[in-house]
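Structure first, commentary second.
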Amino acid sequence: MKGTVGELGEFGLIRELTSRLTTTPAVRIGPGDDAAVVAAPDGRVVASTDLLLEGRHFRRDWSTAYDVGRKGAAQNLADIAAMGAVPTALLLGLVVPADLPVTWPTELMDGLRDECRAAGAAVVGGDVVRGDTITVAITALGDLRGLEPVTRGGARPGDVVAVTGWLGWSAAGHAVLSRGFRSPRAFVEAHRRPEPPYDAGPAAAALGATAMTDVSDGLVADLGHIADASEVRIDLRSAAIDVPTQMSDIGKAVGIDPMTWVLGGGEDHAIAATFPPDVKLPARWRVIGEVLPCAVARASAQPQVTVDGAPWAQAGWDHFSGIEDAQ
């Protein structure tokens, strides 16, 4: 489609975006009214929201609008899955400059739609506003289907720590892109379009997971949230954590220990959970550590997540740490 957002106008843009959407049985009223209506058979709605700001979370020279749509939907839908819920719907708030080509927001919507389809959800509405910097605000909804939500606060000493999904792939892809390369393609694509294991969240809840999170800020950092909320300590076994050969090759090429990406890199949106030790886990789950009692008071500066019994120095992603690289 030719032209700019300004030439198309607000309502023309809304018509163009909503015309690209599909629906699901959970959507009772979709885009076009004052608000959407989404079925919530469980009676409880799981909700999560997130922002993507151009220059901070994505760069247009690294990612297409379609990539940004897939990634933006994935990081929110993964939060729903990490509560043990099934994603049902997504709402979009979009800020764009008037001179932006119309193809950018339409391709963004295509990405959002397709990622929702992969998770079994649908885009049900939103808003568009004119602004100087592209900002994508997303709210995702989910249904617990009769299960209790799995929070960060239920891990108990003696539980095992397990993970499913990719670890470190997005960070490795970011390292490749930041050095001006576009390959190995699998890692670059993992950064542009993460692939969360959506079905693993509700499945883990059904298996009896005691605590759960998606890996958005880094494995150690996100498990640290579980350790803090549960008032426990977590120790990881490095030998149990897979580092693909090609990731090791990238690490050698750029002078970075690939374990830095696996333990400290985020945005893969793998699912990490704790389980009672007697739970028989499917093959997709890799047991990588254990939950231990807190040896010190919570106010202590002692790390709550260790690797092979020792502190891991690198922190995970923090939006206020001063890091300026687009993720």
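The values are calculated or read from the model by the stated rules, or taken from the named source; none is laboratory data. Because the structure is a prediction, the values reported are computed rather than measured. Heads up, the Cβs are rebuilt from the backbone with ideal geometry, glycines too, and the neighbour counts pull from every protein chain shown. Side chains are part of the model used for accessible areas, which takes the heavy atoms of the whole protein and leaves out ligands, DNA and RNA. Shrake-Rupley method; radii C 1.70, N 1.55, O 1.52, S 1.80 Å.
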Evaluate the range 204-223: report whether one residue or more is farther than 19 Å from M259 by Cα, touching a helix residue (DSSP H, G or I) at 6+ places or on another chain (Cβ under 8 Å), in contact (Cβ under 8 Å) with a residue 24 or more places away in the chain and of a type in the set (G, A, S).
yes
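From the list A35, A40, A98, A73, pick out the single residue that is under 30 Å from A206 (Cβ atoms) and open to solvent by 20 Å² or more (accessible area, probe 1.4 Å).
Numbers: A35 fails: under 30 Å from A206 (Cβ atoms); A98 fails: under 30 Å from A206 (Cβ atoms); A73 fails: open to solvent by 20 Å² or more (accessible area, probe 1.4 Å).
None of the others qualify; the one that does is A40.
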Quick one: in the range 177-203, of everything that is touching a helix residue (DSSP H, G or I) at 6+ places or on another chain (Cβ under 9 Å) and hydrophobic (A, V, I, L, M, F, W, C), which residue is nearest to A162 (Cα to Cα)?
A200
Could you check the range 125-176 and list, in sequence order, the residues that are outside any loop (DSSP other than H, G, I, E, B), of a type in the set (D, E) and closer than 30 Å to F11 by Cα?
D127
Assess whether T64 counts as being open to solvent by 60 Å² or more (accessible area, probe 1.4 Å) and not aliphatic (A, V, I, L, M).
yes
Would you confirm whether or not the range 34-57 contains a residue that is at pLDDT below 95, in a loop (DSSP other than H, G, I, E, B), touching a helix residue (DSSP H, G or I) at 6+ places or on another chain (Cβ under 8 Å) and over 19 Å from G131 (Cα atoms)?
no
Counting only residues in the range 101-131 that are touching a helix residue (DSSP H, G or I) at 6+ places or on another chain (Cβ under 6 Å) and of a type in the set (D, E, K, R), the one most open to solvent (accessible area, probe 1.4 Å) is identified as E107
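Considering only the range 59-88, state which residues are assigned to a strand (DSSP E or B) and under 14 Å from the mean Cα position of the chain (by Cα).
From the range 59-88, those assigned to a strand (DSSP E or B) are 86-88; that's our starting set.
Scanning the range 59-88 gives a single hit, P87.
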Residue check, D217 against (1) among the charged types (D, E, K, R); (2) open to solvent by 20 Å² or more (accessible area, probe 1.4 Å); (3) closer than 13 Å to I271 by Cα; (4) modelled with pLDDT of 95 or more, all met but one. Which one?
(4)
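Over 18 Å from the mean Cα position of the chain (by Cα), surrounded by fewer than 16 Cβ atoms within 10 Å (Cβ to Cβ) and in contact (Cβ under 8 Å) with a residue 12 or more places away in the chain, is that true of G55? Let's see the steps before the verdict.
Values: over 18 Å from the mean Cα position of the chain (by Cα): yes; surrounded by fewer than 16 Cβ atoms within 10 Å (Cβ to Cβ): yes; in contact (Cβ under 8 Å) with a residue 12 or more places away in the chain: yes.
Yes, satisfied.
Report whether or not A186 is open to solvent by 30 Å² or more (accessible area, probe 1.4 Å) and in contact with a Leu (Cβ under 8 Å, 6 or more places away or on another chain).
Values: open to solvent by 30 Å² or more (accessible area, probe 1.4 Å): yes; in contact with a Leu (Cβ under 8 Å, 6 or more places away or on another chain): no.
Answer is no for this residue.
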Looking at the range 220-249, which of the residues that are closer than 23 Å to M83 by Cα and of a type outside the set (A, V, I, L, M, F, W, C) is least open to solvent (accessible area, probe 1.4 Å)?
D222
